[in-house]
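All remarks here apply to the structure that follows.
The values are calculated or read from the model by the stated rules, or taken from the named source; none is laboratory data. Owing to the predicted nature of the structure, the values given are computational and were not obtained by experimental measurement. As a convention, Cβ positions derive from the backbone with ideal geometry for all residues, glycine included, and neighbour counts pool all protein chains shown. Just the protein is used for accessible areas: all its heavy atoms, side chains included, with ligands, DNA and RNA removed. Shrake-Rupley method; radii C 1.70, N 1.55, O 1.52, S 1.80 Å.
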Amino acid sequence: QVQLVESGGGLVQPGGSLRLSCAASGSIFNIYRMGWYRQAPGKQRELVAHVAGGSSTAYADSVKGRFTISRDNAKNTVYLQMNSLKPEDTAVYYCNMDTSSGSYWGQGTQVTVSS
(Lines give C-alpha, C1' and ligand atoms only; values in the text may rest on other atoms or scores of the structure.)
Protein backbone atom coordinates (compact mmCIF):
# COMPACT_ATOMS: atom_id res chain seq x y z
CA GLN A 1 0.00 0.00 0.00
CA VAL A 2 1.24 3.48 -0.92
CA GLN A 3 0.65 6.53 1.23
CA LEU A 4 1.35 10.16 0.39
CA VAL A 5 1.77 12.59 3.28
CA GLU A 6 1.76 16.32 2.61
CA SER A 7 3.06 19.08 4.83
CA GLY A 8 3.90 22.75 4.72
CA GLY A 9 0.53 24.41 4.29
CA GLY A 10 -0.70 27.28 6.42
CA LEU A 11 -1.69 30.92 6.57
CA VAL A 12 0.50 33.46 4.82
CA GLN A 13 0.14 37.12 3.88
CA PRO A 14 -0.06 38.19 0.23
CA GLY A 15 3.42 38.32 -1.24
CA GLY A 16 4.69 35.67 1.15
CA SER A 17 6.11 32.22 0.51
CA LEU A 18 5.39 28.64 1.49
CA ARG A 19 7.03 25.35 0.67
CA LEU A 20 4.91 22.23 0.39
CA SER A 21 6.33 18.73 0.69
CA CYS A 22 4.82 15.36 -0.17
CA ALA A 23 6.54 12.14 0.80
CA ALA A 24 5.51 8.72 -0.46
CA SER A 25 5.89 5.55 1.58
CA GLY A 26 5.00 1.92 1.05
CA SER A 27 5.55 -0.45 -1.87
CA ILE A 28 6.84 1.95 -4.49
CA PHE A 29 8.94 0.74 -7.38
CA ASN A 30 8.73 3.36 -10.09
CA ILE A 31 7.30 6.88 -9.82
CA TYR A 32 6.77 8.32 -13.26
CA ARG A 33 5.20 11.70 -12.65
CA MET A 34 4.74 13.76 -9.51
CA GLY A 35 2.33 16.64 -9.39
CA TRP A 36 0.49 19.19 -7.32
CA TYR A 37 -3.17 20.04 -7.76
CA ARG A 38 -5.39 22.47 -5.89
CA GLN A 39 -9.07 22.92 -5.24
CA ALA A 40 -10.62 26.17 -4.09
CA PRO A 41 -14.11 26.29 -2.54
CA GLY A 42 -16.77 25.89 -5.20
CA LYS A 43 -14.24 25.16 -7.93
CA GLN A 44 -12.94 22.06 -9.66
CA ARG A 45 -9.59 20.58 -8.83
CA GLU A 46 -6.91 21.95 -11.16
CA LEU A 47 -3.36 21.06 -12.02
CA VAL A 48 -0.79 23.42 -10.54
CA ALA A 49 2.45 21.80 -11.68
CA HIS A 50 3.98 18.43 -12.44
CA VAL A 51 7.45 16.99 -12.87
CA ALA A 52 8.23 13.90 -14.90
CA GLY A 53 10.88 11.27 -14.25
CA GLY A 54 13.35 13.08 -16.44
CA SER A 55 12.73 16.28 -14.44
CA SER A 56 10.81 18.03 -17.18
CA THR A 57 8.22 20.33 -15.64
CA ALA A 58 4.96 21.98 -16.54
CA TYR A 59 3.00 24.72 -14.78
CA ALA A 60 -0.42 26.26 -14.88
CA ASP A 61 -0.27 29.72 -16.45
CA SER A 62 -1.53 31.27 -13.22
CA VAL A 63 1.55 30.15 -11.26
CA LYS A 64 4.33 30.41 -13.85
CA GLY A 65 7.26 32.42 -12.57
CA ARG A 66 6.04 32.19 -8.95
CA PHE A 67 5.94 28.46 -8.16
CA THR A 68 8.69 25.88 -8.59
CA ILE A 69 8.19 22.13 -8.46
CA SER A 70 11.05 19.75 -7.73
CA ARG A 71 11.51 16.12 -6.79
CA ASP A 72 13.94 14.04 -4.77
CA ASN A 73 13.82 10.53 -6.18
CA ALA A 74 15.95 9.08 -3.39
CA LYS A 75 13.36 10.24 -0.86
CA ASN A 76 10.27 9.67 -3.04
CA THR A 77 9.38 13.27 -2.28
CA VAL A 78 8.01 16.14 -4.33
CA TYR A 79 8.17 19.80 -3.32
CA LEU A 80 6.33 22.94 -4.35
CA GLN A 81 8.03 26.23 -3.59
CA MET A 82 5.41 28.97 -3.74
CA ASN A 83 6.54 32.60 -3.86
CA SER A 84 4.68 35.88 -4.33
CA LEU A 85 1.51 34.25 -3.09
CA LYS A 86 -1.82 35.86 -3.93
CA PRO A 87 -5.25 35.54 -2.29
CA GLU A 88 -6.43 33.60 -5.34
CA ASP A 89 -3.87 30.89 -4.52
CA THR A 90 -5.98 29.99 -1.48
CA ALA A 91 -7.03 26.35 -1.82
CA VAL A 92 -6.48 22.84 -0.58
CA TYR A 93 -3.35 21.53 -2.28
CA TYR A 94 -3.07 17.83 -3.14
CA CYS A 95 -0.06 15.91 -4.33
CA ASN A 96 -0.37 13.12 -6.86
CA MET A 97 2.04 10.45 -7.98
CA ASP A 98 1.70 8.20 -11.00
CA THR A 99 3.55 4.96 -10.33
CA SER A 100 3.96 1.52 -11.84
CA SER A 101 1.30 0.27 -9.42
CA GLY A 102 -1.23 3.05 -9.94
CA SER A 103 -2.02 6.69 -9.25
CA TYR A 104 -2.08 7.95 -5.67
CA TRP A 105 -3.27 11.10 -3.89
CA GLY A 106 -2.37 12.80 -0.67
CA GLN A 107 -4.95 13.93 1.87
CA GLY A 108 -4.51 17.60 1.03
CA THR A 109 -3.04 20.56 2.87
CA GLN A 110 -4.72 23.94 3.27
CA VAL A 111 -3.02 27.05 1.95
CA THR A 112 -4.64 30.35 2.89
CA VAL A 113 -3.32 33.66 1.57
CA SER A 114 -4.83 36.54 3.47
CA SER A 115 -3.89 39.72 5.25
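Relative contact order for the chain: what is it in percent, counting Cα pairs under 8 Å that are at least 6 residues apart?
Values: 283 pairs, mean separation 43.0, N = 115.
Result for the chain is 37 percent.
Where the only charges are on Cβ atoms (+1 Lys, Arg; -1 Asp, Glu), what is the dipole of the range 38-115 about its Cα centre, to the nearest 20 debye?
80
Report residue 68's accessible area, 1.4 Å probe, all protein chains in place, as a number in Å² to the nearest 10.
70
Just read off the accessible area of residue 90 with the full protein assembly in place, 1.4 Å probe, to the nearest 10 Å².
40
Can you send over the solvent-accessible area of residue 79, 1.4 Å probe, protein chains only, in Å² to the nearest 10?
40
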